[in-house]
Amino acid sequence: MNLILQGLSANRSDIDRIAALAQAQRVVPLSPNAFRCEGVQADDALRTRIDAECLAAQLDYAFADGERRLADFRLVAMDMDSTLITIECIDEIADMQGLKPQVAEITEAAMRGEIEFRESLARRVALLKGLDAAALQRVYDERLKLSTGAERMLATVKAAGLKTLLVSGGFTYFTDRMKTRLGLDYTHSNVLEIVDGKLTGRVSGVVVDAEEKKATVERVCAELGISPRQAIVMGDGANDLKMMGISGLSVAFRAKPVVRQQAHVALNFVGLDGILPILS
């Protein structure tokens, strides 16, 4: 196998030390901060040692099939909050009500898998009742930022012919704008109910929970005539695990421990474009 090592500022001495630990046959620079260590025999003991060494050096790593390329995939599916973008939109909306700590606590518990997502969503949205809908635009304008590497990753996957899906437990107000801004092919998320310019404290329509996220990936794959194994799925929270579990490559991005443990690849330090060296 290949061992891909990358960081925001990779120290070559760290790369060479970890490559030697892995008994790599050759180290190939892919960029100033990404390296492919070829001819590695991976076992559980080595993976454990590499994990500890990379964490200490602030490097991301992935054991990759040397034959696998980006062109082998047909779809990239992404979570939105804390994955494609840096914020949790509902937490920032709640800040407009002075309720960010209460809502953020529920959000964190849900992402760790400690609260069922539907329950957490209902509890959080209920706290927003009566908020002027103009607060949504303020969050979009003032606080929403793309994650590091998002635009480069999207440009590269589109150039390779892959379709893009944004599937979120967040809200259409933001996913619709992301679709237009980034030229995404598909989006699916929750609809915040608004009456007379105020949030009612409810969502309308289908709740986009873990099952619905998985079903959305399956629906889009069926529409494209591909297997879910031809999809790359990226997320950070427990409600992403089911859609990640049917993918050909699951990517935990700055994710909760329960997600990192189950994903094929974890990106803790580099940006979303960290998937590119793994598939180069």
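Computed from the coordinates by the stated procedures, all read-outs in this text should not be read as laboratory data. Predicted model, so just to flag it, every value in this text is computed and none were measured. Cβ coordinates were reconstructed from backbone atoms using ideal geometry, including for glycine residues, and neighbour counts include every protein chain displayed.
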### Summary
Relative contact order as a percentage, the chain, C-alpha pairs under 8 Å and 6+ apart, gives 22 percent
### Query
Tell me, Kirkwood radius of the range 76-122 from alpha-carbon pair distances, in Å?
11.2 Å
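How high is the FRET efficiency from residue 56 to residue 143, r the C-beta distance, R0 30 Å, rounded to 0.05?
On the way: r = 33 Å, r/R0 = 1.10.
Computed FRET efficiency for residue 56 and residue 143: 0.35.
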### Task
Any chance you could run the full-extension gain for residue 151 through residue 16? It's 0.36 nm times the residue separation minus the Cα-Cα distance, nm to one decimal.
45.6 nm
## Note on the structure
To the nearest 0.05, the calculated FRET efficiency linking residue 105 and residue 229 through their beta-carbon distance, R0 being 51 Å, is 0.90
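Quote the convex hull volume per residue of the chain, based on C-alpha atoms, as a whole number of Å³. Before the final figure, lay out each step's value.
On the way: hull volume 34.8 nm³, N = 280.
That works out to 124 Å³ per residue.
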### Message
Only Cα pairs within less than 10 Å get springs; with that Gaussian network setup on the chain, which residue of 267, 199, 241 has the largest fluctuation?
### Response
199
### Query
Which of the lysines could be linked to residue 214 by a straight reach, that is with a Cα gap under 21 Å, when you skip same-chain ones fewer than 8 residues away?
163, 179, 242, 256
### Summary
Counted neighbours (other Cβ, 10 Å), sorted fewest up, put 176, 95, 65, 273 in the order 65, 176, 95, 273
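Taking the Cα centre as origin and putting +1 on Lys and Arg beta-carbons and -1 on Asp and Glu beta-carbons, what dipole magnitude results for the chain, to the nearest 20 debye? Before the final figure, lay out each step's value.
Details: 34 positive and 38 negative charges, 87 e Å.
Using only the charged Cβ atoms, the result is roughly 420 debye.
Run the dipole for the range 1-67 about the Cα centre, Lys and Arg Cβ at +1, Asp and Glu Cβ at -1, nothing else charged, and hand back the magnitude in debye, nearest 20. Can you show the working numbers first?
Values: 6 positive and 10 negative charges, 49 e Å.
I would put it at about 240 debye.
Exposure proxy check: 31, 189 ranked by fewest other beta carbons within 10 Å? Provide the component values of the computation, followed by the final result.
Details: 31 12, 189 25.
Final ranking by Cβ density, sparse to dense: 31, 189.
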### Task
Within the range 227-248, find all residues whose amide N lies under 18 Å from a label point positioned 7 Å from the Cα of residue 68 along Cα-to-beta-carbon.
227-236, 241-248
### Summary
Expressed to two decimals, the range 187-235 has a Cα Rg over Rh, using the Kirkwood radius, of 1.14
## Note on the structure
On each of the three principal axes the extent of the alpha-carbon atoms of the range 1-108, given in whole Å and largest first, is 57, 34, 28
### Prolate/oblate/rounded call for the range 115-256, Cα gyration tensor, a/c under 1.5 rounded
prolate
### Integer Hz, Karplus 6.51/-1.76/1.60 couplings in order for the range 38-51, x for Gly and Pro
9, x, 8, 9, 8, 9, 4, 5, 5, 4, 5, 5, 5, 4
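So if each residue of separation counts as 0.36 nm, and I subtract the Cα-Cα distance between residue 177 and residue 1, what length gain in nm does that give? Walk me through the numbers before you get to the answer.
Values: separation 176, 0.36 × 176 = 63.36 nm, distance 4.02 nm.
Extending this stretch completely gives an extra 59.3 nm.
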## Note on the structure
Here P(r) for the range 192-280, Cα-Cα distances in 5 Å bins, as whole percents, is 3, 14, 19, 18, 16, 12, 9, 6, 3, 1, 0
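By counting other Cβ atoms within 10 Å of each Cβ, how are 173, 61 ranked from fewest to most? Intermediate results must be reported in sequence, preceding the final value.
Details: 173 19, 61 25.
Ranking 173, 61 by Cβ neighbours within 10 Å, fewest first, gives 173, 61.
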